[in-house]
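Here the structure is laid out as structure tokens; the discussion comes afterwards.
Every read-out reported here was derived from the displayed coordinates using simple, explicitly stated rules and does not represent laboratory data. Computed from a predicted structure; not experimentally measured. With ideal geometry, Cβ positions are generated from the backbone for all residues, glycine too; neighbour counts draw on all protein chains shown.
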Amino acid sequence: MHYSRLVSLSGVLITGLALFLPQARFPVVGPVDGFDGDAWPVMLPLAVVALLAVAGDRREGHGLAAGVLAAVLCCAALVFGVAKAIDAAAAAGAVEGGAVRAGPWVVLAGSALALVGSLLSFSRRIG
């Protein structure tokens, strides 16, 4: 197995687990996780990336197309993660005593790690 697949899968796993972390905390409502804060759609493109990492092959042509598709999907997940981090910061900033928690940043880190894995898939030196 190419190491890039492990890096991509690790990024998808970290992103999925980050949805259980608090995204923001509000005085009356309390902590809001990634599911209540509508950050879960980040997993839609990353689910396809995980499928490509598990079932992908390294044949010429197919490996390149899968790598490009994975990189584009990871970029989409990263852009969505940035939008949700901005949303969390805006929502927490609008309420006195509100605060952004670790969730959005871990979602971004996991998405970035998945992107790094998809970019590593273009290298033939590793694995």
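The packing ranking of peptides 82-92, 108-118, 65-75, highest mean first, is 108-118, 65-75, 82-92, where packing means the average number of other beta carbon atoms within 10 angstrom of each residue. Between the helical axis of 103-120 and the longest alpha-carbon principal axis of the chain there is an angle of about 10 degrees.
Site pair Leu44 and Phe122 shows an inter-label distance of 2.6 nm when each label is modelled 7 Å from Cα along Cα→Cβ. Sequence-ordered 3J(HN,Hα) estimates for the range 43-49 from the Karplus curve with 6.51, -1.76 and 1.60 and θ = phi - 60° stand at 7, 4, x, 6, 5, 5, 4 Hz, glycine and proline given as x. Note on Ala55 and Phe35: the extension gain reaches 4.4 nm, defined as 0.36 nm multiplied by sequence separation minus the Cα-Cα distance. Packing around the peptides 39-51, 93-105, taken as the average count of other Cβ atoms within 10 Å per residue, puts them in this order, highest first: 39-51, 93-105. Mean sequence separation of contacting Cα pairs (under 8 Å, at least six apart), scaled by the length of the chain, corresponds to a relative contact order of 46 percent. The string of couplings for the range 33-39 from the Karplus curve (6.51, -1.76, 1.60, θ = phi - 60°) is 8, x, 7, 5, x, 6, 9 Hz, one whole number per residue in order, with x for Gly and Pro.
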